[in-house]
Amino acid sequence: MKKKRIPASLPVLLLCLGAAALVIILFSKTPAQTLYYFFPGVAANRLYLGEMLNSLVLLSITGLAIVIAFNAGSFNLGGEGQVYTGAICAVLAARQLPDLPGIPGILLLILCGTAGGALLAFVSGVLKALWDVDDLISTFLLSSGVAKLIDYLIAGPLSDPASYLITTEPLPDKYRLPSLLIPSPFNISFILPLILLPLFHYYLNHTRQGYELQMTGSSSSFARHSGLNMGIYQTLPLTISGALHGLAGSLVLTGTYFAGIQGLTSGLGWNGIAVALIAGRKVPGILPAALFFAWMTQGSRIALLHSDLTLELGAVIQGILFLLISSSVLRLKFKNRPAGGSPS
Amino acid sequence: MTVKNNTSLLLSILITLLLLTSLSCSPGKSESPGSQGGSEKETAAPQSMSLAVFVPGVLAGSPTYEMMDAGVRKAAGEYGATVKTVEGGFNQAEWKSKVLALAAEKKYDLIISSNPSMPEICRDIKKSFPDQEFLVLEGSRIENDTVSTFLFSHLELSYMLGYLGGLITSSDELAGSNDDLKIGLIAGQEYPEMMQRIKPGFENGLKAAVPGGELDFRVIGNWYDAARASDLALGMFDEGVDVILTIAGGANQGVVSAAKDKGKYVLWYDTEGYSIEPGVILGSGVIREDKAAYEQTVLALTGKLAPGSSVYAGVHEGYIDFIDDAELYREHVPESIRTVMSAEVAKLRDGSLQFR
């Protein structure tokens, strides 16, 4: 009985681990050491563990963002730009309001970041609802364009003249989320996924709106003919998705980097998609999926630093993981549509 | 059904692999006891020191980092120290956490890096790991510094190249030199070193050679876009610029190809550049990062490198130079220019002319 409960992505995950181990055994001169850093080494000290947990928190938020959009039949490929927007909105808020006390200040920064990400995705949602503009394209293009603009802002008008890095001025100490595992960036934001994941699970599965949202995702023509307001279900899920990305962006700023440094998204938006795919596009799968992904990326980072694994080999391993993860999803897709329907 | 069969086959393969993995893991653990919880007991012998080189970027294709790595390794070889070189990649946002991870291992006596942005990162890490020592080449010192720095005088290097640029643009003997007294400078980005030292030094050099000379300064916005660099350079050549100093990393190649197409000239900044495009690259400076890295590492290995120490060195001390003994330089640059140039360079070498 229990066997049926094994999620479809489990064999793929094991395959990923096996592939990573195989690459290391084949190409590393000190495979034992490399493997140690890749797998158990992640928990070896507070820094590595804290960094891994921090990215687990962020990835579960961006993963949730993608899952919400997936469930409504929307594709949000603009996560990267929305995270970046969230971070820069929080930077702007901190510049405009430098005199707030700590906690309200942090909350306001996070609110502004969330609103920024939401606004960016809302535009794509409205384009889809009004003119049937493909959300997959519009989220991606919009986010790439905005990312360039933010790069310019950080390098130009907002840049910190005292720093040699391409970054905005650092946040004042009071606007920083304090670390719970010094010196890692792991902070109080770990509570957010613990609230958001059950909340959205409930919303999707136990509310009328959630049901209608999923119905739109399964078959938009059925939903339309059932009399649902399609405008809402084409904009709302994307907007929520953008808001969650923006939230992640503001958390990266207030909890990890403390300054709007160029490149701070570090693939958070894209990796959110990977997490959503591993999770089988279901909310309950997000936390384990994010844990897997955060562990693997942290493992490869540490192995890169401390063993003879080269930057390229690290990238190869991550590439293999992505390939395996996305191909498994392809298989699921074909299972769902044996007739070979139109590409989404 | 086949899916199920495949799954069980995969599972068995993977379980075997994982078993292998866990088996081979155990020696790894025993190799690095220092990294586990009880890190207070350092068992390393005092003689054999352990060094880490952090490259903010990648080694391949960046000669300055290769020179730093070579310098450190030479010193380490002589004193029996071990060196671990780590590449940080191009995303500057990730550098700090990578250096932090090196410091957290607590097994490196010294972490060596090279980049103007590294001191601020290392100072920050020093707050969490006060016992970790750092040496940063190309770094500027601050009051009460905790990080050792070694700064090269970019004012002097850019002065020499600006001086040569002035001589080239005012020359009657070079085919590509027109009547306008304009020279160009293309930078990857506007960073403090560029705006405060390289650009003013370059302009000083130009004015010293040709008092009425004019500088055309352009910024690409990144360090890789060779196409944009080429467009910028072509535009500058059309506006009367004869020679461009390019400091744009991977985008340099775009400037070189534009100059070749237009029959104009390029100055190279910090590594020997004549052979890249003979006849187009008329002047090349060099920063002897290997020498600085070697000497500073030897100081560290002999216990003479004080934390927070700083050196600011230039042409006179031998850490920066203009390469005038290259065959290609003599072949493509007219003697009249070389004579005036060598007289000016000589003043910097003997210390009678200094910019700090």
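The values are calculated or read from the model by the stated rules, or taken from the named source; none is laboratory data. Predicted model only: the values in this text are computed from it and were never measured. Neighbour counts are summed over all protein chains in view; Cβ atoms, including those assigned to glycine, are modelled from backbone coordinates with ideal geometry. Areas reflect the complete protein model, heavy atoms only, side chains present, ligands, DNA and RNA absent. Shrake-Rupley method; radii C 1.70, N 1.55, O 1.52, S 1.80 Å.
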**Report entry** Distance in nm between pseudo-label sites at B:E272 and A:H225 (7 Å out along the Cβ direction from Cα)
**Finding:** 7.7
Query - Dipole of the protein assembly as shown, positive end: most advanced residue of A:A315, B:L215, B:T85 [Cβ charges, Cα centre] - result: A:A315
Report summary line: Losing no less than 30 Å² of accessible area (probe 1.4 Å) relative to the isolated chain, the residues of region B:145-194 are B:Q189, B:P192
Query raised in the report: Taking each residue of A:31-43 in turn, how many C-beta atoms of other protein chains fall within 10 Å of its C-beta, and what is the average?
Result: 5
Query raised in the report: Stretched out fully, how many nm does the piece from B:A343 to B:E143 gain, at 0.36 nm a residue minus the Cα gap?
Result: 68.3 nm
Query raised in the report: Angle between the Cα long axis of helix B:289-301 and the longest principal axis of chain B, 0 to 90 degrees, nearest 10?
Result: 40
**Report entry** 222 nm mean residue ellipticity, helices alone, for chain A (DSSP H n ≥ 4; -39,500 (n - 2.57); rounded to 500)
**Finding:** -23000 deg cm²/dmol
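On average, how many beta carbons from a partner chain sit within 10 Å of the beta carbon of a residue in B:93-105? Let's see the in-between values first.
Values: counts 14, 5, 3, 4, 12, 4, 1, 7, 10, 2, 2, 10, 7.
Mean shielding count: 6.
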Report task. Express the accessible area of region B:214-356 per residue in Å², computed with a 1.4 Å probe while the remaining protein chains stay in the model. Result -> 41
Query raised in the report: Each label point is 7 Å from the Cα along the Cα-to-Cβ direction; what then is the distance between the points at B:A175 and A:K29, in nm?
Result: 5.0
**Report entry** Folded to 0 to 90 degrees: helix B:63-79 orientation relative to chain B principal axis, Cα
**Finding:** 50
Report task. Select from A:L49, A:L228, A:L130 the residue whose mean-square fluctuation is largest in a Gaussian network model of chain A (Cα-Cα springs shorter than 10 Å). Result -> A:L130
Query raised in the report: When DSSP beta bridges are limited to those with both residues in chain B, what percentage is antiparallel, rounded to the nearest 5?
Result: 5
Query raised in the report: Roughly how many percent of the accessible protein surface of the protein assembly as shown is carbon and sulfur, given a 1.4 Å probe and a whole-percent answer?
Result: 61
Report task. Enter the accessible area per residue of region A:25-107 (Å², integer; probe 1.4 Å; all protein chains in place). Result -> 32
Report task. With label points built 7 Å along Cα→Cβ from the Cα atoms of A:Y211 and B:Q354, find their separation and express it in nm. Result -> 8.4
Requested in this report: Measure nothing but the geometry: give the 0 to 90° angle between the long axis through the Cα atoms of B:199-209 and the longest principal axis through the Cα atoms of chain B, rounded to 10°.
Outcome: 30
Query raised in the report: So which DSSP H runs in chain A come out at 24 Å plus along the axis (Cα) with average Kyte-Doolittle of at least -0.5?
Result: A:10-27, A:46-71, A:79-96, A:102-131, A:135-155, A:230-251, A:286-306, A:311-336
Report summary line: Links exceeding 24 Å between C-alpha atoms in this model, out of A:K29/B:K291; A:K174/B:K96; B:K107/B:K304; A:K148/B:K126; B:K304/B:K347; B:K182/B:K262, come to A:K29/B:K291; A:K148/B:K126; B:K304/B:K347
Query raised in the report: Can you give the % of DSSP beta bridges in the protein assembly as shown that are antiparallel, to the nearest 5?
Result: 15
Report task. Provide the net charge surrounding B:G166, with neighbours chosen by a C-beta distance below 11 Å and charges set as Lys +1, Arg +1, Asp -1, Glu -1. Result -> -2
Query raised in the report: Per residue of chain B, what 222 nm ellipticity follows from adding -39500 (n - 2.57) for every DSSP H run with n ≥ 4, rounded to the nearest 500?
Result: -14000 deg cm²/dmol
